[in-house]
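As structure tokens, the structure follows; a few thoughts come after it.
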Amino acid sequence: MRDQQQRHHESRDDVGGSQLPRQQPAGIALAEAAHAPAVAQALDSIGRETSRAALRKIMTQALASGLLKGRAAELAEQFSGLLWGNLMVSLLLGVAERPAQREIAGRAREAAAAFLRLHPPPDDRASPDKSLLRSD
């Protein structure tokens with residue numbers, strides 16, 4: 001246990017009085033965001049906004065096809081929350097490892113299944129597709 005704590009301590013840097021995991025550019029950007037709002041804006045537009053825009057586009061297409069009802073931005077935000085849960089905060093704090101590809105795929109399946117339980121297709125509100133709820 002002591003070796004693990006030592007490795008954990010050695011893998012961290014002191015930046016602006018905060019302990020941040022090494023090789024965590026987003027963590028450093030977050031620490032500096034209060035002092036440099038342009039850094040926060042860049043991080044948001046380059047990273048988060050790119051994925052939010054892609055999800056909004058998917059939700060807009062689903063709305064146009066009649067597969068969903070609601071507002072694309074709200075639906076995208078909800079799906080993102082289901083997908084990420086608390087993982088992003090844990091990654092930024094350095095208390096979680098980046099998930100393997102298999103775990104990422106599993107998180108995506110679980111988020112999609114949960115989302116479809118919350119938003120079944122308008123013409124099939126009573127019975128969601130059971131194949132989407134499998135946990136292979």
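Throughout, read-outs are computed from the coordinates displayed, never taken from laboratory work. All values reported here derive from a predicted model rather than from experimental measurement. Because the Cβ atoms are built from the backbone with ideal geometry, glycine has one as well, and the counts that use them run over all protein chains shown.
Report ³J(HN,Hα) in whole Hz for each residue of region 105-110, in order, from the Karplus equation J = 6.51 cos²θ - 1.76 cosθ + 1.60 where θ = phi - 60°; Gly and Pro get x.
In residue order, the calculated couplings are 4, x, 4, 5, 4, 5 Hz.
I need the phi-derived Karplus couplings for region 79-96: 6.51 cos²θ - 1.76 cosθ + 1.60, θ = phi - 60°, integer Hz, Gly and Pro marked x.
4, 4, x, 5, 5, 7, x, 9, 4, 4, 4, 4, 5, 5, 7, x, 9, 9
Which residues does a label at ASP123 reach in region 60-101, if reach means a backbone N under 20 Å from a point 7 Å past the Cα toward the Cβ?
60-70
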